[in-house]
1. In peptide B:139-148, what is the residue-averaged number of other protein chain Cβ atoms found within 10 Å of each Cβ?
2. Please arrange A:Glu44, B:Glu129, B:Glu10 by counting, for each residue, the other beta carbons lying within 10 Å of its beta carbon, fewest first.
3. Show the residues, 5+ positions off or on another chain, whose built amide H is closer than 5 Å to the amide H of B:Thr50.
4. Treating the angle as unsigned and between 0 and 90°, give the value, to the nearest 10°, between the Cα long axis of helix B:14-24 and the longest Cα principal axis of chain B.
5. Extending each Cα 7 Å along its Cβ direction at A:Ala71 and B:Gln45, get the distance between those two points in nm, one decimal.
6. I'd like the FRET efficiency for B:Ala66 and A:Arg38, computed as 1/(1 + (r/R0)^6) with the beta carbon distance as r and R0 of 35 Å, rounded to 0.05.
7. At 0.36 nm per residue, and after removing the present C-alpha to C-alpha distance, how many nm does the segment from B:Ala34 to B:Arg22 gain when stretched out fully?
8. How big is the protein assembly as shown along each principal axis, measuring the range of its Cα positions in Å and listing the largest first?
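Just so you know, all these numbers are worked out from the coordinates, no wet-lab data involved. Model, not experiment: these values are computed from the prediction. We place every Cβ from the backbone using ideal geometry, glycine too, and count neighbours over all the protein chains shown.
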Amino acid sequence: MIAVRFFASLRDAVGTAGLDLGSSRMPADLDGLLCVLRERLDGEAYAAITGASVRIAVNQTLVEGNAALTAGDEVAFLPPVTGG
Amino acid sequence: MLRSVRVIAEDFDVGVEWSALRTALHGGSGAIAAFCGLVRDRVDQETVTTLTLEHYPGMTEPSIEAIIDRAEARWPLDAVWVIHRVGALSPADQIVLVLTASAHRDAAFAGCEFVMDYLKTDAVFWKKETRGGVSHWVESTHADRRRASDWDAPGK
């Protein structure tokens, strides 16, 4: 199972803080996960989480491009940060 | 180097933190610089009623540690303490505290400003403003990104 989390504006866009992708169709990598999300989410939500400014973290570490996933991983979609 | 990173919902007392840091230093420090960020009550001529800060537990703290690592590599700092609040805040509330200590003021001032600039662009937090009963997520600004990237400019 992969735990997917959406933060801040992306949570609002998707309508949920997260979802679990079950073991029946566990994606092997981020590209595969995006394919699953494209089917699961409506077009507007999918566009939001794949926006140019969105960064993706696997197990709390930012990744660039594709990355392999294994059971138990947590994948987070992060909009641009605005702390301080 | 003394370091402390705290992400908390409750308020903090600058005096208490200042004294705790001053007591923890070992006499070699000649300067403590402090920056405290507050919630403004107006943005674009509109009254802000609430500022809500969200973070990603487990990722936010390391993102602050990484900023402190960079400051430590750049200046001879004796201490960097960061407190950042999360949750619903009101105008005039304290959001963030950065304390830096060094033998001399130059490094303390510069380190404090550097850490603050990168807290804006690299630390994992998101702000939601409520104005006139309407809430919206704050967008990152070009000015903030420019301030941070200027630290990599020649001559800095």
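1. Values: counts 5, 6, 2, 0, 0, 5, 1, 0, 0, 1.
Other-chain Cβ atoms within 10 Å of each residue's Cβ, averaged: 2.
2. Working: A:Glu44 9, B:Glu129 20, B:Glu10 6.
With the sparsest Cβ surroundings first, the list reads B:Glu10, A:Glu44, B:Glu129.
3. Sorted by chain and number, the residues that satisfy this are B:Thr130.
4. Long axis of B:14-24 versus the principal axis of chain B: about 20 degrees.
5. For the pair A:Ala71/B:Gln45, the computed spacing is 6.0 nm.
6. Values: r = 32 Å, r/R0 = 0.92.
E between B:Ala66 and A:Arg38, to the nearest 0.05, is 0.65.
7. Working: separation 12, 0.36 × 12 = 4.32 nm, distance 1.19 nm.
Result: 3.1 nm gained on full extension.
8. 61, 42, 35
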